[in-house]
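*Asks:* Encoded as structure tokens, here's the structure I'll be asking about.
The values are calculated or read from the model by the stated rules, or taken from the named source; none is laboratory data. Bear in mind the structure is a predicted one, so any value in this text is a computation, not a measurement. With ideal geometry, Cβ positions are generated from the backbone for all residues, glycine too; neighbour counts draw on all protein chains shown. Remember, those area values only see protein heavy atoms, side chains included, never the ligands or the DNA or RNA. Shrake-Rupley method; radii C 1.70, N 1.55, O 1.52, S 1.80 Å.
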Amino acid sequence: MIKRNKTLLVNIDWWIVIIYIFMIFFGYMNLCSVSYEKAEKQFIWIILSIIFIFIVFLFKPIHYKYFSPLFFLFTLFLLIGVFFFGKNINGSKSWYVFGPISFQPSELSKISTSLMIARIMSQENIQKNKNTLLYISIIVILPTLFIFFQPDPGTSIVFSSFILTLYREGLSVIFIFYLLFLVFLFVLSLNISPWILVFLLFFIFILILFFKKKRTINDLLFSIFFFIIFSTFIFVSPFFYKKLLKKHHRDRINILFKNEFDKKYRENIGYNLLYSKTAIGSGKFFGKGYQKGTITKGKFVPEQHTDYIFCTVGEEWGFIGSFILIIFYLWFISRIYFLSERQKDIFGRIFGYSVGNIFFIHIILNLGMVMGLFPTIGIVFPFFSYGGSSIWSFTVLLFIFIRLDSSDQTSLI
């Protein structure tokens, strides 16, 4: 256990604050390369973020624990209200707009859900009380569904990061395996006949039963149950894919299975991915230099100031700059995990892991998106992508954890 001093400012982990400042500064520099107009607005959002940091530190750690249910309910009402009072932007009704200011409640729900999960799990152990897992599932599924039907499938996927938090607190790896297997079946069902998949699935279950040393009637019933569940999922997946996702979302998924350089796709659904890869590849090893990216300056990549901001890093700073940035992010997330493990209170540990996992999922999905390994689903790059809602939510999320880490739960500060 690391010894802590009594002064709040001394207790703050300044390493993580320094990394945060570096990310904010480097992100702002890259945004200047994309658009000076956007960078000027981003500067205002950054200043407001500093104000939010002071507000976060005004509350005692105990407040975040006991008021988390009210905060969670508040964000649920905001998510529901956006269907009636929200504005449709880029095909999703995800925003409240107040004059020049727009606000995305889904960003706020990441914070409230993290706090709520930490509260529940700090009171109940998921290994001893099985109902705890049910409560947490409801807490995660509710905002996920509201966000998915906006529709904003990208942000809803971010909520899968809480599975990693549950795993840290004792969730069986088998449960995670089943979820990943469902994702795998979903992808296959979009490209392979459901009947072929069901036959292969049946063959796999037969092999499992055959090689199992001790076979009981429960094993047979268990296998039949999961075979029925997985088979049903295979048949309904294409239906929900076509009915629940809008055409532009389906196009972004379909392009992963096609060649974006093909003439049929490079002027429409493959355009973003084509120029994203081109920009990153053109940077080569050392990059073209700051504000010397021709593809960035030519504004060939749509939404480069938000989802595709990493293209600027790849083009101007090259492989070496991109590699250093990723190392910094890995250091940043590792530091969050380290601080989480040293928490005296379970609430702080669980919330810290939720924070680290949210950042991890955002970074992995965004990098996969700009490199064509994952569909374009509107996942921002933390501290780099333009937007007030995202930089505020990431800042508040991080500094709530820093506040918990820097102060003992009995502190009067």
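*Asks:* Kindly indicate which of SER94, SER122, SER161 is buried (at least 17 other Cβ atoms within 10 Å of the Cβ), among the small types (Gly, Ala, Ser) and part of a strand (DSSP E or B).
*Replies:* Just a single option satisfies the conditions, and that option is SER94.
*Asks:* Looking for something more than 28 Å from PRO100 (Cα to Cα) and touching a helix residue (DSSP H, G or I) at 6+ places or on another chain (Cβ under 9 Å) - is there at least one such residue anywhere in the stretch 392-401?
*Replies:* Taking every residue of the stretch 392-401 in turn, at least one turns out to be more than 28 Å from PRO100 (Cα to Cα) and touching a helix residue (DSSP H, G or I) at 6+ places or on another chain (Cβ under 9 Å).
*Asks:* Would you pick out the residues in the stretch 193-213 that are modelled with pLDDT of 85 or more and either over 28 Å from PHE239 (Cβ atoms) or assigned to a helix (DSSP H, G or I) (or both)?
*Replies:* If the condition is that a residue be modelled with pLDDT of 85 or more and either over 28 Å from PHE239 (Cβ atoms) or assigned to a helix (DSSP H, G or I) (or both), then PRO194, TRP195, ILE196, LEU197, VAL198, PHE199, LEU200, LEU201, PHE202, PHE203 are the ones that fit.
*Asks:* So which helices (runs of 4 or more DSSP H) are wholly in the stretch 244-335 and hold at least 2 residues that are modelled with pLDDT of 85 or more?
*Replies:* Ranges flagged: 271-282.
*Asks:* Ok, one more. Could you figure out which of (1) open to solvent by 60 Å² or more (accessible area, probe 1.4 Å); (2) not in a helix (DSSP H, G or I) isn't true of LEU142?
*Replies:* (2)
*Asks:* Now for a separate question. Between residues in the stretch 326-349 that are within 23 Å of PRO69 (Cβ to Cβ) and residues that are of a type in the set (Asp, Glu) and open to solvent by 40 Å² or more (accessible area, probe 1.4 Å), which pairs lie under 8 Å by C-beta distance while being six or more apart or on different chains?
*Replies:* Note: pairs meeting the criteria are LYS344/ASP408; ARG349/GLU341.
*Asks:* Can you confirm whether the stretch 34-44 contains a residue that is outside any helix (DSSP H, G or I), among the basic types (Lys, Arg) and open to solvent by 20 Å² or more (accessible area, probe 1.4 Å)?
*Replies:* No.
*Asks:* Sticking with this one: Test of understanding: among ASP345, ASP307, which residue is closer than 30 Å to ILE62 by Cβ and surrounded by 14 or more Cβ atoms within 10 Å (Cβ to Cβ)?
*Replies:* Testing whether each residue is closer than 30 Å to ILE62 by Cβ and surrounded by 14 or more Cβ atoms within 10 Å (Cβ to Cβ) leaves just ASP345.
*Asks:* Select, from LYS87, LYS60, the only residue that is open to solvent by less than 90 Å² (accessible area, probe 1.4 Å) and among the charged types (D, E, K, R).
*Replies:* LYS60
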